[in-house]
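Colleague: The structure that follows is given in the form of structure tokens.
The values are calculated or read from the model by the stated rules, or taken from the named source; none is laboratory data. Only a predicted model underlies this, so the values are computations on that prediction, with no experimental measurement involved. Cβ placement follows ideal geometry from the backbone for every residue including glycine, while neighbour counts extend to all protein chains displayed. Only protein heavy atoms, including side chains, enter the accessible area calculation; ligands, DNA and RNA are left aside. Shrake-Rupley method; radii C 1.70, N 1.55, O 1.52, S 1.80 Å.
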Amino acid sequence: MRIGYPCMNTAIGCTSARTFRLKSWSEERFLSTVAENLSCLSRILAFNAEHDLLFFRVTSDLVPFASHPVNALDWPAIFAEEFAGIGAFVRGRGMRISLHPDQFTLLTSPDAGVGERSVAELAYHAAVLDAMGLDTTAKVQIHLGGAYGDREAAVGRFLDRYRALPREVRRRLVVENDDRLYTEAECRAVSRECGIPVLFDAFHHECNPSGLDTGAAVAACAATWSERDGVPMVDYSSQEPDGRRGRHARTLDPAHFAAFLAAARPHDPDIMLEIKDKEQSALRALLIVRHAG
């Protein structure tokens, strides 16, 4: 079981998500921005390795405009040395890396343009992991997307577009249950059709339950992962007290997290903490995991 957090570290004073406006595009600005982002990512990973936080979600903004037509640069080749160094560090420390495209990546969309842009965005995310030389346990997680008034048709579009993806993209993808539309059971139904692993989101399951309790849902989703996919991945958070329903907690609720750990046994998945204070809660979670044995 590896514990991690997404995208940014609040302690080290840099961001790997620097970007700029499209109207400010220039090759020089692009190259300097990516160089700074990769340098900061290396610093974040060094911090994580030092503190035994071995799971990290890389920001989608690592390479700005990577999937946009304005960018014709071969950025994986330009930064091949930097990407390879990061990948070697990750492998050498037994770490795991993932990515999560934004909410506009929608394989279910009835709009062909949105579908094409979504495919390009997924190709970018997979290319980052390929440039790092990481195996297929490094994943890109997506939601099924919208229902658009016809869930069956929407799922059909997802399956068609998924099956048409290049193998180097398809082998990276996992699908996650969401907090409003698609439960973990519906994601598992899609998995049975196309083989995509299901990443279980514990908080989304609380907001949008499937009928299974947490332990059974963890087990059912874990069964969709193969050896080449690695240890099943889970997203974890809890409800922010007094916040709107579905708002992620600002900081770790130790009792809630310990109860989740107990429910998840014996599967012991790699856990991504989607909690607002990032590495601070991840460090507290690590202590709870160690205390639980």
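Colleague: Going residue by residue through segment 13-23, is there one that turns out to be in a loop (DSSP other than H, G, I, E, B), free of Cβ contacts under 8 Å to residues at least 12 places away in the same chain and farther than 20 Å from Leu273 by Cβ? Lay out the reasoning, then the answer.
Modeller: Narrowing segment 13-23 to residues in a loop (DSSP other than H, G, I, E, B): 13-21.
From what's left, free of Cβ contacts under 8 Å to residues at least 12 places away in the same chain: 13, 21.
Filter once more, so that each one left must be farther than 20 Å from Leu273 by Cβ: 13, 21.
Yes: segment 13-23 contains one or more residues that are in a loop (DSSP other than H, G, I, E, B), free of Cβ contacts under 8 Å to residues at least 12 places away in the same chain and farther than 20 Å from Leu273 by Cβ.
Colleague: What helices (runs of 4 or more DSSP H) completely inside segment 213-293 contain at least 3 residues that are more than 18 Å from Leu54 (Cα to Cα)?
Modeller: Those helices (runs of 4 or more DSSP H) span 214-222, 254-264.
Colleague: Give me the pairs: first residue in segment 128-150 and in contact (Cβ under 8 Å) with a residue 24 or more places away in the chain and under 21 Å from Phe200 (Cα atoms), second residue in a loop (DSSP other than H, G, I, E, B) and of a type in the set (D, E, K, R), beta-carbon distance under 9 Å, and six or more apart or on different chains, which are they?
Modeller: Between residues of segment 128-150 that are in contact (Cβ under 8 Å) with a residue 24 or more places away in the chain and under 21 Å from Phe200 (Cα atoms) and residues that are in a loop (DSSP other than H, G, I, E, B) and of a type in the set (D, E, K, R), the close pairs are Thr136/Arg171; Thr136/Arg172; Ala138/Arg172; Lys139/Arg172; Val140/Arg172; His143/Asp178; Leu144/Asp178; Gly145/Asp178.
Colleague: Of the conditions (1) buried (at least 16 other Cβ atoms within 10 Å of the Cβ); (2) of a type in the set (Lys, Arg); (3) over 20 Å from Pro6 (Cβ atoms), Arg265 satisfies every one except a single condition; which number is it?
Modeller: (1)
Colleague: If you don't mind, another one. Any residue at all in segment 205-214 that is within 24 Å of Glu279 (Cβ to Cβ) and of a type outside the set (Gly, Ala, Ser)?
Modeller: Within segment 205-214 (the criterion being within 24 Å of Glu279 (Cβ to Cβ) and of a type outside the set (Gly, Ala, Ser)), the answer is yes, since at least one residue qualifies.
Colleague: Would you please name the residue that is farthest from the chain's Cα centre (by Cα), looking only at residues in segment 163-190 that are of a type in the set (Asp, Glu) and open to solvent by less than 10 Å² (accessible area, probe 1.4 Å)?
Modeller: Taking segment 163-190 and keeping what is of a type in the set (Asp, Glu), we get 168, 176, 178-179, 184, 186.
So of that shortlist, the ones also open to solvent by less than 10 Å² (accessible area, probe 1.4 Å) come out as 176, 184.
On the way: Glu176: 9, Glu184: 16 Å.
The qualifying residue farthest from the chain's Cα centre (by Cα) is Glu184.
Colleague: What single numbered condition from (1) closer than 22 Å to Cys187 by Cα; (2) modelled with pLDDT of 95 or more; (3) crowded, with 16+ Cβ neighbours inside 10 Å fails to hold for Glu227?
Modeller: Glu227 satisfies every listed condition except (3).
Colleague: Which condition from (1) open to solvent by less than 60 Å² (accessible area, probe 1.4 Å); (2) modelled with pLDDT of 95 or more; (3) closer than 26 Å to Glu279 by Cβ is the one that Leu73 breaks?
Modeller: (3)
Colleague: Just one of Arg57, Arg93 is open to solvent by 10 Å² or more (accessible area, probe 1.4 Å), modelled with pLDDT of 95 or more and under 18 Å from the mean Cα position of the chain (by Cα); which is it?
Modeller: The match here is Arg57.
Colleague: Identify the residue in segment 113-128 that is open to solvent by less than 60 Å² (accessible area, probe 1.4 Å) and farther than 14 Å from Pro166 by Cα and, among all such residues, is farthest from the chain's Cα centre (by Cα).
Modeller: Among them, the one singled out is Gly113.
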